Every structure is written in structure tokens, then in C-alpha cells.
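Student: Take this structure first; my questions come after.
The values are calculated or read from the model by the stated rules, or taken from the named source; none is laboratory data. Every value quoted in this text rests on a predicted model; they were computed, and no experiment measured them. No Cβ is skipped: glycine too gets one built from the backbone with ideal geometry, and neighbour counts run over all protein chains shown. These accessible areas exclude ligands, DNA and RNA; they are computed on the full protein's heavy atoms, side chains included. Shrake-Rupley method; radii C 1.70, N 1.55, O 1.52, S 1.80 Å.
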Amino acid sequence: MRAIWKGAVSFGLVSIAVRLYSATEEKDIRFHQVHRDDGGRIKYKRVCSIDGEEVSYDDIAKGYDLGGGELVILTDDDFADLPLTTSRAIEVLEFVPAEQVDPILYNKAYYLEPDKTAAKPYALLRDALTNTERVAIVKVALRQREQLATLRVREDVLVLNTMLWPDEIRAAKFDILDEDVSARPAELAMAGSLIESMAADFDPATYTDNYREALQEVIEAKVAGREVVQPEETEEAPAAAVDLMAALRASVERAKAARGESEPTKTTAKKATTAKKAAAATNDDDVAEATPIKRTAAKKTTTAAKKATPAKKTTATKARKSA
């Protein structure tokens with residue numbers, strides 16, 4: 001990675017020399033505009049709308065539209081004295097609980113790497129943010145404009161997240177949401193069941209950009225000169241559900257079936273209960289049948305023993321008489 005900015009994080013009297021790196025990169029497949037017949041690149045000229053002449057970069061200034069066809073023209077000198085355009089400091093304004101920062105404010109992420117001499121204060125700020133479960137609200141000048149940002153910890157690295165300003169967030173105004181619409185308790189319960197049946201731990205590695213992969217295959221097919229195979233058509237979107245409860249119930253069953261789970265119906269549960277009772281009854285009959293057999297065997301053994309005892313006595317008496 002190549003550093004795009006060098007400066008220092010300052011909080012209180014502590015200064016941490018850092019380098020800034022883009023933490024993300026777009027993986028979109030990019031194309032050039034070309035002439036269909038010969039593949040020549042399409043170029044654009046910077047032409048003045050008044051005199052029709054081509055204009056060089058050195059003669060281009062910035063114009064602010066005042067409306068009514070009027071412009072105010074700003075040159076590089078007008079931008080030179082604006083605050084923070086060349087500042088090399090990430091100024092910590094305050095530390096706030098992480099959950100208080102609405103994710104809609106986040107814009108772009110950057111990694112912060114410390115200089116060798118700043119490793120200890122870097123680790124100090126990192127560990128302090130982790131222990132307090134807070135993020136730092138900072139201001140930084142990037143690409144000639146001041147930006148609000150946060151400093152947080154991700155995998156033992158300080159991450160700077162630039163943020164949108166509050167007035168850059170649009171308000172969600174939809175007339176339909178002003179109507180008094182509420183869900184029934186049974187519908188809420190079924191919706192909760194659906195959510196639980198689809199609940200999982202988030203692992204971003206399990207998701208892929210299917211469109212980009214298919215587009216890459218099309219490009220590779222063109223390069224190889226082979227026939228391009230059309231991808232299978234996707235299923236049509238289901239029609240709007242009329243019965244909300246039925247749709248929720250069907251969604252729960254489909255989600256469980258997809259996971260290899262099954263929710264026993266009342267009929268299945270009744271059959272299972274009947275089977276358990278039958279099995280228990282069978283086991284009791286087996287015990288009942290087995291008990292008399294054991295008792296009869298024991299009785300026969302006792303009778304045989306009694307018969308054997310007189311025989312022994314008779315033999316002993318005959319022996320004494322002979323003597």
C-alpha cells in the first residue's frame with residue numbers, strides 16, 4: 001500500500017506521527033469508451049461554450065453558479081488562504097460512546113500506521129479507546145477540504161472513518177409513513193419467528209459479487225474466443241402477499257427447510273406422542289410377561305430342593321442300619 005497522507009494525531013499534549021492508507025478498494029470492472037468499428041479510444045476536448053475554442057488546464061478556473069446565468073469565478077489564489085487546506089494534524093475534539101455514532105454518517109475508511117518513534121503513544125491511544133469502548137471525534141483536512149471523522153480500533157489498528165456533515169444527510173419524508181399503520185400481535189410474533197429462523201452470525205466472507213464474477217467470465221470468454229454461455233434466469237420476484245400471516249408462516253417454514261430444520265406440525269406431534277405411549281405400553285407388557293416366568297422357575301427350583309432332601313436322609317439311615 002502507498003501512503004496518501006502524512007501527519008500527526010494530536011489529543012491533549014500527545015502527538016502521534018502517522019501515515020494514512022486507504023482501507024478499502026473498489027473491485028468494479030472498469031471499461032473504456034471506444035469506437036465500435038475499430039476500438040479507438042474516445043477522447044473529450046475541453047471547449048469553451050462561448051468562443052468554441054479548446055481550453056488548456058492552465059486556463060481553467062472554478063465558477064460558482066449564482067443562478068440566472070451569473071457566475072462568480074474563483075482562482076487558486078482564492079483557495080490558498082482557506083483554513084486547514086495544508087494542515088497535517090488530526091485534531092481530537094472529544095471521545096464519545098461508539099454506539100452514539102449513526103453508521104449513516106460514515107463515508108470512507110483509512111488505516112493509520114505509526115512512525116517507528118510513535119509506536120508507544122499509538123498503542124496507548126489504541127488500548128485506551130478499546131478499554132473505554134469509545135471512539136474519537138476528530139477533524140482532518142483531506143483533499144483540500146476539512147472533514148469530520150472518527151478514530152476507532154479494528155484488529156489492533158487505528159482506523160480513521162471520514163464522516164458526512166449532519167446537513168449532508170437527507171431527511172426521510174414519505175407520506176405513507178404518516179398513516180397510522182400497525183401490525184397485529186400475531187403478525188409480530190410470526191415475524192419474530194421468521195427472524196429467529198434466519199438468524200446467524202455475520203461473516204462477510206460468505207458473500208460474493210455474483211454480477212462481477214459473471215461479467216469476468218464473459219470477458220474471459222471473449223478473450224479465449226469461445227462461445228459465451230448465458231447465465232440461468234433468476235426466479236421471478238414473488239407477488240405481493242395478500243395474507244400477511246400466511247406469508248410470514250410460509251417464510252418461516254421455507255427458511256427452516258433451507259437450513260435442514262423442520263418444525264413438527266400438530267399432526268406430526270400427535271403421531272409422535274401416540275408412538276411414545278405405544279412404546280411405553282409395549283415395554284410394560286414385556287416386564288409383566290417376564291416376571292411370572294422368573295417366579296415359576298424359582299418355584300420349580302425350590303420344589304426340587306425339597307424332594308432332594310428326604311432322599312439324602314433315607315440313604316443315611318440305611319447306612320447306619322447296615323453298620
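Student: Are there any pairs with C-beta distances below 8 angstrom linking a residue in segment 236-255 that is farther than 15 Å from Ala189 by Cα to a residue that is open to solvent by 90 Å² or more (accessible area, probe 1.4 Å) and at pLDDT 60 or above, with the two at least 6 apart or on different chains, and if so which?
Tutor: Between residues of segment 236-255 that are farther than 15 Å from Ala189 by Cα and residues that are open to solvent by 90 Å² or more (accessible area, probe 1.4 Å) and at pLDDT 60 or above, the close pairs are Ala255/Met198.
Student: Of the residues that make up segment 71-80, is at least one in a helix (DSSP H, G or I), over 32 Å from the mean Cα position of the chain (by Cα) and under 30 Å from Arg170 (Cβ atoms)?
Tutor: The answer is yes, given that some residue of segment 71-80 is in a helix (DSSP H, G or I), over 32 Å from the mean Cα position of the chain (by Cα) and under 30 Å from Arg170 (Cβ atoms).
Student: Now a separate question. Quick check on segment 116-136. Is at least one of its residues closer than 23 Å to Arg2 by Cα, touching a residue at least 60 places away in the same chain (Cβ under 8 Å) and part of a strand (DSSP E or B)?
Tutor: no
Student: Kindly provide the set of residues from segment 27-68 that are open to solvent by 100 Å² or more (accessible area, probe 1.4 Å), part of a loop (DSSP other than H, G, I, E, B), over 30 Å from Gln216 (Cα atoms) and not β-branched (Val, Ile, Thr), ordered by number.
Tutor: Scanning segment 27-68 gives Lys45, Ser49, Glu53.
Student: Then there's this: Of everything in segment 15-26 that's surrounded by 11 or more Cβ atoms within 10 Å (Cβ to Cβ) and of a type outside the set (S, T, N, Q), which residue is nearest to the chain's Cα centre (by Cα)?
Tutor: Selected residue: Ala23.
Student: Among the residues of segment 87-107, count how many are under 26 Å from Lys6 (Cα atoms), of a type in the set (Val, Ile, Thr) and exposed (fewer than 14 other Cβ atoms within 10 Å of the Cβ).
Tutor: Of the residues in segment 87-107, 1 are under 26 Å from Lys6 (Cα atoms), of a type in the set (Val, Ile, Thr) and exposed (fewer than 14 other Cβ atoms within 10 Å of the Cβ).
Student: Here's another thing I want to ask about it. For segment 69-84, enumerate the residues that are of a type in the set (Val, Ile, Thr) and open to solvent by less than 80 Å² (accessible area, probe 1.4 Å).
Tutor: Hits for segment 69-84 are Val72, Thr75.
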